[in-house]
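The values are calculated or read from the model by the stated rules, or taken from the named source; none is laboratory data. All figures in this text were calculated on a predicted structure; none of them were measured in a lab. Methodologically, a virtual Cβ is constructed for each residue, glycine included, from the backbone with ideal geometry; neighbour enumeration extends over all protein chains shown.
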Amino acid sequence: MTNTPSDIELITKLRQGDKAVLLTLYDRYARALYGVILKMCKKEDLAQDLLQETFLKIWKKIDQYDADQGKFFTWSYRIAKNTTLNSLRKVSPLIQTDDLSVYANRDSEESAPKDFSQLNGTLKLLQPHHQRALTLVYFNGLTHREAHKEMNVPLGTFKSYIKQALKQMREHYGKMALSIIVCIILLANG
């Protein structure tokens, strides 16, 4: 029977710069962490890259691990989860950054549809909480942080309202959705 080193023994060696220990930790935890990452991002190639990035962060941040605070797997799980969430945020940027292009490029106003009669009432097709979220951000000019407080919902919930509403708008209007949303909101409130 072989004596398998504990996580603490491996971490001590890793802190001393023994890179080979990282491979042992990889063999021990990669499958479980990969499962978490894949479940979150749903793309195998991205999950593999994120797993590699996770272990690179473990290597770089190993001095931050405190065994008194919890198990090594829990710590590495949080790194994997946060790395994945950050990656997913990069892929789909915050909604509010998109609308800045509407104001930055005024030349595109000419490409907006001239007949707004079809747009009238489209905002009303959305669920009331989606309507309110869009109105607060795009018409009243509130940030997501201000608007979620106004609606008295968690910030994540509010952001999902915006995302879902814009998705529904894009399904109807395609790439011009943001400029159309601004027109709809102006019509609905003007």
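Here are the numbers for this structure:
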{"quantity": "Tally of residues being modelled with pLDDT of 80 or more, in a helix (DSSP H, G or I) and not small (Gly, Ala, Ser) across the range 110-134", "calculated": "5"}
{"quantity": "Check on residue 14, hydrophobic (A, V, I, L, M, F, W, C), surrounded by fewer than 18 Cβ atoms within 10 Å (Cβ to Cβ) and closer than 27 Å to residue 85 by Cα", "calculated": "no"}
{"quantity": "Residue ranges of helices (runs of 4 or more DSSP H) in the range 1-94 with at least 3 members β-branched (Val, Ile, Thr)", "calculated": "7-15, 19-41, 72-91"}
{"quantity": "Set 12, 54, 24: member being over 30 Å from residue 89 (Cβ atoms), touching a Leu at 6+ places or on another chain (Cβ under 8 Å) and in the same structural domain as residue 85 (by TED's automatic domain parsing)", "calculated": "24"}
